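*Asks:* Input: one structure, supplied below.
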Amino acid sequence: MCGIVGYIGNKDAYPIIINGLKRLEYRGYDSAGIALLSKDLRVYKKKGKVSDLESFLEDKDISGNIGIGHTRWATHGEPNDINAHPHSSMNGLFTLIHNGIIENYSRLKRRLEDRGYTFISQTDTEVLVNLIEYIYIKGSVSAEIAVRLALTKVVGAFGVVIMCKDEPDKLIAARKGSPLVIGIGDGEYLLASDATPIIEHTKSVIYMNDNDIAVIQKDSLSLKTLSNELLTPKIQQLDLEIDEIEKGGYEHYMLKEIFEQPRSIQDTFRGRVSLERKEITLGGLYEVLPKIIEAKRIIIVGCGTSWHAGLVGEYLIEEFARIPVEVEYASEFRYRNPIIYKDDVVIAISQSGETADTLAAIQMAKDCGAMVIGICNVVGSSIPRATHAGVYTHAGPEIGVASTKAFTAQVTVLTMMAILIGQKKGFIKDEDYNVLIEDLIDIPTKIEYILKNSELIEDISALYKNANNFLYLGRGFFFPVALEGALKLKEISYIHAEGYPAAEMKHGPIALIDEKMPIVVIATQDKTYEKIVSNIQEVKARKGIVIAIVTEGDTTIRDMADHVIEVPNCNEAFAPLLTVIPLQLLSYYIAVLRGCNVDQPRNLAKSVTVE
Ligand code: G6P
């Protein structure tokens, strides 16, 4: 949610910042802005994409070796030039960029108005920058102290980078709840919401923690807590290559990420599933495994696609490990006084590792004494640092806003966990364990087979690109896959779509079916196959259009469905990893054919760091 970039050093700041903003655009893209400092401080802001800002700046003065930039996902105030960041204080002494929400901004604003401050935007951020200036002038303190004091008065979340006109040789950065990474170059520093804008300049980084404040000059950095205790920065090396965050010849990140899945799942397996030793090992869970094995209940929390992965996890863990599982939207869980016992194990799933609701749910579970495990993709993000233990998905950077490879990586981790726990608890016999491992290792090759037939899915997409509604049906392991398929279509093509457990169709959605309604049915050969065949017949009896995802060689459904998309045969429990692929492709092609911006769908952001 909002992308932040800062630079201080000897180079021109503008190209570094504008390229960094392009890398961070997946976090928000309704307006962008930049502030550059040389002899004077110049602030440029524009509604729209980073490219609109770039065109606007073609004939402007973009000199300066210090600068900050921001790409916004609006919370307070509509997207327009004025509400775009950076925001400057009334007397022009401070300029800042902000990610997060200042929850008590109206109270602070009233107080500042009583003291003569006026505001030009509708943002909470403008309140913060004026509060800093007010304290700076009133208290005759340094910029650093003014920032620290102002931030102690703020309720909410922030990742901020601040420039002060009187102290033009420094950037001040602080975080609470919204991520910030500092890149350490040779005589230069970079700041960003995540490592993607930093990687082409340096691999040495410091992940700021909540309540940290950094004062950065081109050749020095001081890190403190907001209560003024000096900290020793922990420098880490990024394990990320530049080609991982580029499109690599694909038209969109989403398509690249869909096609990457055979490899990304192998990366999730790497070092964890061994065919030779016939063994699953999850190093991140090693110490806590006894507690998981003893757990009376597992609660899974997440949002969006990660919540869907959690639902697949429920089926997997109950099937293999025989531990009761509850899956909760993090946003509901945190606000409904849930019953959490000390011997519960909570699994928090998040691609970004930064989702505000998931972080709050983790804190709540920890406060109740439960052990919390993270399943995250972004290394070094907030959730892995807030949990007791965890497993990284290692799917590589996911830039497309609609999550694809992160979902299959999350499900892969949950599958490994479920089998591992089941085996340790004695529910899986040794010979079955070996077969499961062999089947799991085959999954990437089977996904390759599906991807090779993507043209068929593109052809089907062309037929239904103008539909107004879609229904997705699945049972058992495939009910969450149906939800995920519907979500993908909604997110990027703006077609209304609903996912339903196939048997529930009779209790409502069947009323929607007519000859214009495409119904995607996941109908692979598993224990509810006969039932889903009946569901397809119910749809056909009402003239609905059936697009069925079937097991390779299925002739029964071929005879009754309008279209079939085949996936290779595999263990039912692993088939979500296969059946979701055609649904990802279907939504992708439909969105492209409708002319939608697939990687940056309207109103959405990749990482939701606000409530
Ligand atoms: C946003 C993204 C979704 C994602 C969800 C949860 O809504 O657009 O793709 O599934 O957040 O994000 P997380 O990073 O916690 O998985």
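The values are calculated or read from the model by the stated rules, or taken from the named source; none is laboratory data. All figures in this text were calculated on a predicted structure; none of them were measured in a lab. When we count neighbours, we look across all protein chains shown, and the Cβ atoms used for this are built from the backbone with ideal geometry, even at glycine.
*Asks:* Can you find even one residue in the stretch 519-542 that is under 16 Å from residue 456 (Cα atoms) and acidic (Asp, Glu)? First the steps, then the outcome.
*Replies:* Here is the first cut: in the stretch 519-542, the ones under 16 Å from residue 456 (Cα atoms) are 520.
Now narrow it down to the ones that are acidic (Asp, Glu): none.
No, that holds for no residue.
*Asks:* Would you check if residue 507 is without any contact (Cβ under 8 Å) to a residue 12 or more places away in the chain and not charged (D, E, K, R)? Walk me through it before giving the result.
*Replies:* Details: without any contact (Cβ under 8 Å) to a residue 12 or more places away in the chain: yes; not charged (D, E, K, R): yes.
It is true that residue 507 is without any contact (Cβ under 8 Å) to a residue 12 or more places away in the chain and not charged (D, E, K, R).
*Asks:* Here's something else I'd like to know. Having 1 or more residues that are modelled with pLDDT under 95 and farther than 20 Å from residue 228 by Cβ is the bar; report the helices (runs of 4 or more DSSP H) wholly within the stretch 98-159 that clear it. Walk me through how you get there before you give the answer.
*Replies:* Numbers: elements: 105-114, 124-139, 143-152.
By residue number, 105-114, 124-139.
*Asks:* Also, I was wondering about something else. Keeping to the stretch 33-50, report how many residues are modelled with pLDDT of 95 or more and either small (Gly, Ala, Ser) or over 23 Å from residue 76 (Cα atoms) (or both).
*Replies:* Final tally of qualifying residues: 4.
*Asks:* Restricting to the stretch 360-382, name every residue that is touching a residue at least 60 places away in the same chain (Cβ under 8 Å) and near the ligand (Cβ under 9 Å from one of its atoms).
*Replies:* If the condition is that a residue be touching a residue at least 60 places away in the same chain (Cβ under 8 Å) and near the ligand (Cβ under 9 Å from one of its atoms), then 378, 381 are the ones that fit.
*Asks:* Looking only at helices (runs of 4 or more DSSP H) that lie completely in the stretch 383-498, which have at least 3 residues being surrounded by 24 or more Cβ atoms within 10 Å (Cβ to Cβ) and within 16 Å of the ligand (Cβ to nearest atom)? I'd like the intermediate steps shown before the answer.
*Replies:* Values: elements: 405-424, 430-452, 454-464, 478-493.
The helices (runs of 4 or more DSSP H) meeting that bar are 405-424, 478-493.
*Asks:* Find all pairs meeting these conditions: Cβ atoms under 8 angstrom apart; at least six residues apart or on different chains; first residue within the stretch 412-430 and in contact (Cβ under 8 Å) with a residue 40 or more places away in the chain and over 15 Å from residue 275 (Cβ atoms); second residue in a loop (DSSP other than H, G, I, E, B) and among the charged types (D, E, K, R).
*Replies:* 422/322; 425/322; 427/322
*Asks:* OK, next. Which of the residues that make up the stretch 311-327 are surrounded by fewer than 23 Cβ atoms within 10 Å (Cβ to Cβ) and out of contact with any strand residue (DSSP E or B) (no Cβ under 6 Å at 6 or more places or on another chain)?
*Replies:* Correct list: 315, 319, 322.
*Asks:* Any residue at all in the stretch 52-62 that is surrounded by fewer than 22 Cβ atoms within 10 Å (Cβ to Cβ), in a strand (DSSP E or B) and free of Cβ contacts under 8 Å to residues at least 40 places away in the same chain?
*Replies:* Residues of the stretch 52-62 that are surrounded by fewer than 22 Cβ atoms within 10 Å (Cβ to Cβ), as a first pass: 52, 54-62.
Within this subset, residues satisfying the condition of being in a strand (DSSP E or B) are none.
No, the stretch 52-62 contains no residue that is surrounded by fewer than 22 Cβ atoms within 10 Å (Cβ to Cβ), in a strand (DSSP E or B) and free of Cβ contacts under 8 Å to residues at least 40 places away in the same chain.
*Asks:* On to the next question. For residue 304, work out the one condition from (1) touching a residue at least 40 places away in the same chain (Cβ under 8 Å); (2) more than 30 Å from residue 426 (Cβ to Cβ); (3) more than 9 Å from the ligand (Cβ to nearest atom) it doesn't fulfil.
*Replies:* Condition (3) is where residue 304 drops out.
*Asks:* Still on this structure, please answer the following. Out of 565, 590, 557, 581, report the one residue that is modelled with pLDDT of 95 or more, in contact with a Pro (Cβ under 8 Å, 6 or more places away or on another chain) and farther than 21 Å from residue 352 by Cβ. Spell out how you get there, then give the answer.
*Replies:* Details: 590 fails: in contact with a Pro (Cβ under 8 Å, 6 or more places away or on another chain); 557 fails: in contact with a Pro (Cβ under 8 Å, 6 or more places away or on another chain); 581 fails: in contact with a Pro (Cβ under 8 Å, 6 or more places away or on another chain).
After applying the criteria, what remains is 565.
*Asks:* For residues in the stretch 328-359 being polar (S, T, N, Q) and within 15 Å of the ligand (Cβ to nearest atom), which is surrounded by the fewest Cβ atoms within 10 Å (Cβ to Cβ)?
*Replies:* Only one residue fits best here, namely 331.
*Asks:* Does the stretch 17-32 hold any residues that are at pLDDT 95 or above and either over 25 Å from the mean Cα position of the chain (by Cα) or surrounded by 24 or more Cβ atoms within 10 Å (Cβ to Cβ) (or both), and which are they?
*Replies:* The answer is 17, 20, 21, 32.
*Asks:* Further, regarding this structure: Could you check how many residues of the stretch 540-577 are touching a residue at least 40 places away in the same chain (Cβ under 8 Å), assigned to a helix (DSSP H, G or I) and surrounded by fewer than 24 Cβ atoms within 10 Å (Cβ to Cβ)?
*Replies:* 3
*Asks:* Got at least one residue in the stretch 441-449 being under 22 Å from residue 597 (Cβ atoms), of a type in the set (D, E, K, R) and under 28 Å from the mean Cα position of the chain (by Cα)?
*Replies:* Filtering the stretch 441-449 for residues under 22 Å from residue 597 (Cβ atoms) gives none.
No, the stretch 441-449 has no match at all.
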